[in-house]
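All of the numbers you see were taken from the coordinates with simple rules; none came from a lab. Just so it is clear, the structure is predicted and the values come from calculations on it, not from any experiment. Using ideal geometry, Cβ is built from the backbone for each residue, glycine included, and neighbour counts are taken over all protein chains shown.
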């Protein structure tokens, strides 16, 4: 990357400019988080790349964030985010993990072979809708699938206005419609499971091999996990593209609105139920049960809707309880320290 890089090339937009007063704009330097390592953030400004050590005094930041630095290259403040993707940390760990910030569009990548899964696509859509980011579903490995159009129609059935593209990620012509989505000044991200061809897609959009790729396994047609860190790339069109490692586990948290937007058809049906407190489990006049009986609604889709709602509610409650405990503990520590200082003053 060249030493000189304009803010526009980094994805700067009026949304962020409007957060600065004149003094802040004149006295500080604007930077964007372009990488997040174990002990430091890599920040790109108009004139240089610099390392910002991670300290307890810094807010939790993620690739895509915008921040202000003073003349000494010290952190001043984090700018309000336009969007934020987050999830519950994988495994049994009870914490929230930030994925990427300040994205305008997201490519949700799913392969058309063994990885194809409508319920997983709905999970990613809920994440995108919660972040209020435009989702584009990209179905890869079209060249390895004999029923790609049938599967594309199944995805389109989730939402008639959803943008769904079926591609061979190795073929530039096949990805032409995706290139049109990458407009100058916008930031896009690529999300999906491990081995679905995200890195191959990124290389094709870039027009060069920047991301390491690996072939598929013959036993299950799945790709091998290659991307191990979130990376930011700059497309010939002037758009910013952020690649992310494949997520084998995507647990939702604080995403009720995103789930309901993804399953808006079910929410609309529920409003037609005879009883406002209908549990959709055999009550008379249940519009959802009628839709199931008539074939208007799939049992799979309803089950996934209920599953995702329950999951995000459970994870959200657990995380909110943990935050409350941490806050109470912090107040206790501050109180003890204040008491200690008062005692010392008495001597």
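For the reader, a short list of remarks on this structure follows.
- Ordering 109, 179 from the fewest to the most neighbouring beta carbons within 10 Å gives 179, 109.
- With R₀ fixed at 25 Å, the C-beta to C-beta distance from residue 229 to residue 184 puts the FRET efficiency at about 0.45.
- If the chain linking residue 306 and residue 237 were pulled fully straight, counting 0.36 nm for each residue of separation and taking away their Cα-Cα distance, it would gain 20.8 nm.
- Calculated FRET efficiency for the pair residue 276/residue 206, C-beta based, R₀ 41 Å, to 0.05: 0.20
- For segment 1-59: rounded, prolate or oblate by the Cα gyration tensor [a/c cutoff 1.5]: oblate
- Maximal additional length on extending the residue 265-residue 46 stretch stands at 74.3 nm, based on 0.36 nm per residue less the C-alpha distance.
- Placing a label point 7 Å from the Cα of residue 23 along the Cα-to-Cβ direction, the residues of segment 57-73 whose backbone N falls under 19 Å from that point are 68-73.
- Working from label points 7 Å from Cα in the Cα-to-Cβ sense, the residue 161 to residue 54 distance is 3.9 nm.
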